[in-house]
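Only one structure is covered here, and it is reproduced in the block below.
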Amino acid sequence: MSACKRLLSDMKLWSFGRSRWTSRARDGMVVRGKAFSSSTCPKVCVVGGGPAGFYTAQHLIKGRQDVQVDVYERLPVPFGLVRFGVAPDHPEVKNVINTFTQTAKHSRCSFYGNVNVGQDVSVGELLQAYHAVILSYGAEGNRSMGVPGEHLAGVYSAKDFVGWYNGLPSCRELNPDLSCDTAIVLGQGNVALDVARILLSPLDFLKKTDITQPALEALAASRVRRVWIVGRRGPMQVACTIKELREMATLPGTRPEMTPADFDGVRDALKDLSRPRKRLTELMMKTALEPPGEKERERWGAASRVWGFRFFRSPVEVLPDSGGKKVAAVRLAVNRLEGSGEAAQAVITGEVEDVPCGLVISSIGYKSLPIDPAVPFDPRRAVVPNSMGRVQQVSGLYCSGWVKTGPTGVIATRRYSDSFDTKCDSLIEDIDSGVNPVAFSDWEKIDSLEVRRGEVCGKPREKLLSVEEMLAVARS
Ligand code: FAD
Ligand code: NAP
């Protein structure tokens, strides 16, 4: 049962009245139940205004005709990684914002931006005020490599680099140094490919997107000509999908450069692969091994930029230049695979290889962080421990999205969410300490200003880059 369904079934019990509710509580299914009369309208609070938060709100509103949902979002602007993660050259993915907007404008949904749960209000306070609280606050941290040198200048997490080109206020000052010839992206997931593509895309492509103006200017001055996308396992274990690989393979102004030996034995293994994995691997083999057709040969001949996958390599150290402060190379352990298929494990051989570079972007995954000491958190898996979305040991508390599952899966996956609890007064009225929430109609002022600013330079929008600017427009 999904967490949303669980929540909806808990809600049914509430409206059946106190006796059913307390008997369920006695059975231990709900530790701390709240008694409701049939006239009480259930009120639910969702923490996080990203895909999981909006899909959860939508699901609840559709699932029950009397539920009221409040969405609390830390930033003054909604939509989470749809705004701050999805690549600027993937505008079609962002159309999902239209569905979220419909939900936000529903008569039984309210959006409150600029409310940092855990700081402005505790989860305990929310639990007192609502029938259910659903944590949908995503994964705002990143996995670190845990190798010497990873804090040298010129080494960035993909989370920060993506946040920078997408206008995340906390990454505004990143100013990545793009003055080198070679960049190494560590990890071979879709985020790694987004980063590689943005580094190598022709400016004419990017300037029609909603990439921020400072990022566009930095990329215009970039001297990066070569991007290696490094993975600890082999061609049959890459974490990216076929669409993203095809975009790399056909990126104007670039040509691929791979190591044919990395593909030894791959052709024989194709027959055992699942259909999507087989198609992905075939495209990779074609890109890496087959001589290009006439058109392709022309494109490759004119290409000024090169990219390629480097397989069977794990980072063991980031090496500094002679000044000791800036990255000059990455030391990679050479691996072999043990086992086969998706579950194959990388095992180090003892051999190492130093690859010179001036920019390193670590794209080995995002990570959820705890936001409130009162909420259970599993630091090893970096999720809120839950049973199908119901948070263990805390009645009335649920979770959905990346904080529930860990940081994998696309936006559509977020439809399967969950959570919930009681009082009908909006908690927002109880929040003092100067918190001044941004309503959805305030966000619409920001939205229309950004769109107008974009029109001037032929872009879908020019984003505001600081929280202060966003709040000033919201309050105008
Ligand atoms: P998020 O989108 O991170 O939303 C969480 C929200 O919670 C954020 O708005 C955050 O500000 C808010 N929040 C955090 N802390 C608090 C707090 N304390 N109080 C209140 N609010 C808080 N999927 C696709 O289908 N297509 C793509 O092209 C695609 N591109 C991607 C590119 C990148 C770089 C990344 C990282 C992911 C991409 N994905 C893509 C995956 C997709 O973005 C995720 O599946 C989805 O965003 C996860 O949703 P979420 O709501 O769990 O988290
Ligand atoms: P991901 O898909 O989990 O990929 C992480 C990559 O990092 C994998 O190649 C992984 O290799 C590697 N890695 C992990 N730990 C490592 C370590 N310690 N050392 C070396 N390599 C390590 O994560 P992601 O790229 O951040 O993407 C997150 C989710 O968002 C994914 O589900 C993705 O599909 C989605 N997304 C979708 C799109 C899109 O649809 N266009 C765009 C961006 C993101 P192993 O496989 O060996 O672990």
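General observations
- Once the Cα atoms are used to define both axes, helix 190-200 deviates from the longest principal axis of the chain by about 50 degrees.
- Members of 105/463; 208/404; 62/208; 207/445 lying beyond 27 Å, as alpha-carbon distances in this model show: 208/404; 62/208
- Spacing of the two label points (7 Å from each Cα toward its C-beta) at residue 468 and residue 380, in nm: 4.5
- Straight-distance crosslink candidates among aspartates and glutamates, where the alpha carbon sits under 16 Å from residue 286 and sequence neighbours closer than 8 are dropped: 244, 247, 257, 262, 264, 268, 294, 296
- Its alpha carbons considered, segment 136-250 gives a radius of gyration followed by a Dmax of 14.3, 40 Å.
- Take every Cα pair under 8 Å whose residues are at least 6 apart in sequence, average their separation, divide by the length of segment 144-364, and the relative contact order is 31 percent.
- FRET E, pair residue 286, residue 181, Förster distance 45 Å, beta-carbon r, rounded to 0.05: 0.95
- Kirkwood hydrodynamic radius of segment 300-384, Cα pairs, Å: 16.6
- C-alpha center-to-center spacing [segment 232-258, segment 68-125] in angstrom: 32
- Here the accessible area of the chain is 52 percent carbon and sulfur, with a 1.4 angstrom probe and all protein chains present.
- Percent of C-alpha pairs per 10 Å bin in the chain, short distances first: 4, 19, 26, 24, 17, 8, 2, 0.
- Considering only alpha-carbon pairs that sit under 8 angstrom and 6 or more positions apart, the relative contact order computed for the chain is 25 percent.
- Evaluated with a Cβ-only charge set (Lys, Arg +1; Asp, Glu -1), the chain carries a dipole of roughly 1380 debye about its Cα centre, given to the nearest 20.
- Cα gyration tensor shape of segment 144-364, rounded if a/c is under 1.5, else prolate or oblate by comparing a/b with b/c: oblate
- Highest-first packing order for the peptide set 84-90, 236-242, 466-472, 273-279 is 84-90, 236-242, 466-472, 273-279, based on the mean count of other beta carbon atoms within 10 Å.
- Ranking 198, 98, 291 by how far each Cα lies toward the positive end of the dipole of the chain (charges on Cβ) leaves 98 at the top.
- Pair residue 151, residue 345: separation of 7 Å Cα→Cβ label points (nm): 3.1
- Under 17 Å from the residue 408 label point (7 Å along Cα→beta-carbon), backbone N, segment 168-212: 187-193
- Fully extended contour minus Cα-Cα distance, from residue 172 to residue 241, at 0.36 nm per residue: 21.9 nm
- Ranked by the mean number of other Cβ atoms within 10 Å of their residues, highest first, the peptides 324-337, 182-195 come out as 182-195, 324-337.
- Maximal additional length on extending the residue 316-residue 264 stretch stands at 16.2 nm, based on 0.36 nm per residue less the C-alpha distance.
- Taken per residue, the accessible surface of the chain reaches 44 Å², heavy atoms only and a 1.4 Å probe.
The values are calculated or read from the model by the stated rules, or taken from the named source; none is laboratory data. Computed from a prediction, not measured in an experiment: that's the story for all the values here. Heads up, the Cβs are rebuilt from the backbone with ideal geometry, glycines too, and the neighbour counts pull from every protein chain shown. Ligands, DNA and RNA are stripped out before the accessible areas are found, and what is left, the full protein with its side chains, is counted by its heavy atoms. Shrake-Rupley method; radii C 1.70, N 1.55, O 1.52, S 1.80 Å.
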